[in-house]
Amino acid sequence: MKKLFALVLALCMVLGLAACGGGNDGGQTKEPEQQTQPDTNKAPDEAKEPEASGSGSAVEGMTVAFIPKLTGNAFFEVANTGAQSYAENWGMTVEYMGDATASVAAQVAVINQAVATGVDAICISTVDAAGVSDALQAAAAAGIVVCTWDSDAKAADRALMVSQGTPEVLGQMLVDMSVAGLKDRGIDPEKDEVNYCWHYSQATVTDQNSWQVEGERIIAEKYPNWKNVQPDNYYSEQDAEKSITVGEAVLSAHPDIDLIICNDSTALPGQLQAAENKGYDKTKVTITGFATPNAIKEYCNHGTLYNWGLWDCGIQGAMGCYVAAYIAAGNDVKVGDKIDIPDIGSCEVLANNCLNPDDATGDTNNGVVLLPEDVIFTAENMNDYDF
């Protein structure tokens, strides 16, 4: 019955939303009810702990639209592979729905398509939180649970976010990898002058931007001798070819640059390819950031970089789809509750302000779940991972 209702309602909404790919903060769509009464002060031990699911029966029969920023990128394809593998054991269906271009208009069209097909839930990595806001609110109004993973929506536009880590954790990780790479070249990060810059997708991608901001804070506090040669950052919009041309532009503009931090899984391989094109290796410039191990191993084998990092995006994709299906199946969670995800483990629901201090948290079905761990890859351990 829900799917029939969603289909009828979606046909009306799709016509109105298809042309508004840009979205805006002033949209008039009503927010989901569970997100209209923020409670940021509830302590974890005050929340009633739900029964752990214990088996795939908690989500059996549910259908989740799993939406990446773009298709064809190794990170998102691996996340889908993980989601599909776990979903089979859980008795639920994951429909991988995306577009090859990382644009707001394309992602809005995919969201509308998911609504029209009458899925039970959507789990999305957003290109631009503001740009897809109206479309996500319309999906929720159609009775579809919205969750996010990798890159968040506005906290009021979704239920749970499955995050790879807080800005503090991942900003620190990027700085730590940078320091290790500089030391490998014989540079003293605490005493030597270091010229550096950031190269990632775009400032509107919430997660990447928050890591950059935190990284800048840590650098200013601990390494005042470092100089950001491009405070406005370099952006390549998650375009594989553009990431190479932007990467070459970085090296042309700053031939003696010491460090390039690529907190984006498309920018990092593009910057490394640009370095090889222009004759750089890890002895001449330190390049580090986030990407899947398989996307970077060849560059490590070539001696183009010392280290890089990530998290298990296959598990992240699976967790995102599970929590979306879990809520769609009628389970309610609050901050402090734990969700037992079969074959993965127990995860706690945290308040939204663990990612953004300004975000309030709804009383029910609104919050953040963190991944178990992140990994730093080097030549010594990279072949232990195959994703």
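The values are calculated or read from the model by the stated rules, or taken from the named source; none is laboratory data. Keep in mind the model is a prediction, meaning the values are calculated, not measured. Here the Cβ is made from the backbone with ideal geometry for all residues, glycine too, and neighbour counts use every protein chain on show. Just the protein is used for accessible areas: all its heavy atoms, side chains included, with ligands, DNA and RNA removed. Shrake-Rupley method; radii C 1.70, N 1.55, O 1.52, S 1.80 Å.
See the values below:
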quantity	calculated
Computed label-point distance, nm, for sites residue 340 and residue 203 using a 7 Å Cα→Cβ extension	4.7
Euclidean distance of C-alpha centroids, region 128-165 and region 304-320, integer Å	22
Longest segment of the chain lacking trypsin sites (Lys or Arg not before Pro) that sit in a DSSP loop with at most 15 other Cβ atoms within 10 Å	49-184
Two-decimal ratio, region 186-290, of alpha-carbon radius of gyration to 2.2 N^0.38 Å	1.00
The chain pair-distance distribution - Cα-Cα, 20 Å bins, rounded %	29, 55, 15, 0
Share antiparallel - DSSP beta bridges, the chain, percent rounded to 5	25
Portion, in percent, of the accessible area of the chain that falls on carbon or sulfur, probe 1.4 Å	48
Counting all C-alpha pairs of region 196-252, share separated by more than 15 Å (%)	51
Max mean-square fluctuation residue, GNM over the chain, Cα-Cα springs under 10 Å, options 335, 194, 119	194
Residues of region 258-272 with amide N under 18 Å of a point placed 7 Å along Cα→Cβ from residue 385	261-272
Mean-position separation - Cα centroids, region 218-258 and region 55-101, in angstrom	33
Intensity falloff of region 112-155 expressed as log10 I(q)/I(0), Debye formula with alpha-carbon point scatterers, at q = 0.26, 0.27 Å⁻¹	-0.92, -0.99
Amide H contacts under 5 Å for residue 262, placed H, 5+ residues apart	199, 288, 289, 290
Whole-number accessible area per residue in Å² for the chain, which is evaluated in the context of all protein chains at 1.4 Å	40
Rounded FRET efficiency, nearest 0.05, which uses the C-beta distance separating residue 283 from residue 245 and R0 of 22 Å	0.35
Convex hull projection area averaged over all views, region 250-338, Cα basis, nm²	7.9
Net +/- balance of residues flanking residue 243 in space, Cβ distance below 9 Å, scoring K and R +1, D and E -1	-3
Assigned charges on the beta-carbon of Lys, Arg, Asp, Glu; region 199-263 dipole about Cα centre (debye)	180
Point-charge dipole on Cβ atoms (K/R +1, D/E -1) for the chain, about Cα centre, debye to 20	640
In order through region 64-75: 3J(HN,Hα) via Karplus (6.51 cos²θ - 1.76 cosθ + 1.60), integer Hz, x for Gly, Pro	10, 7, 9, 10, x, 5, 7, 8, x, 7, 4, 4
Distance violations [Cα-Cα > 30 Å] among 69/338; 242/297; 297/334; 222/242	297/334; 222/242
5 angstrom amide H check on residue 195, placed H, neighbours 5+ away	227, 258, 259
Inter-probe distance in nm under a simple model that places probes 7 Å from Cα toward Cβ, at residue 168 and residue 356	1.9
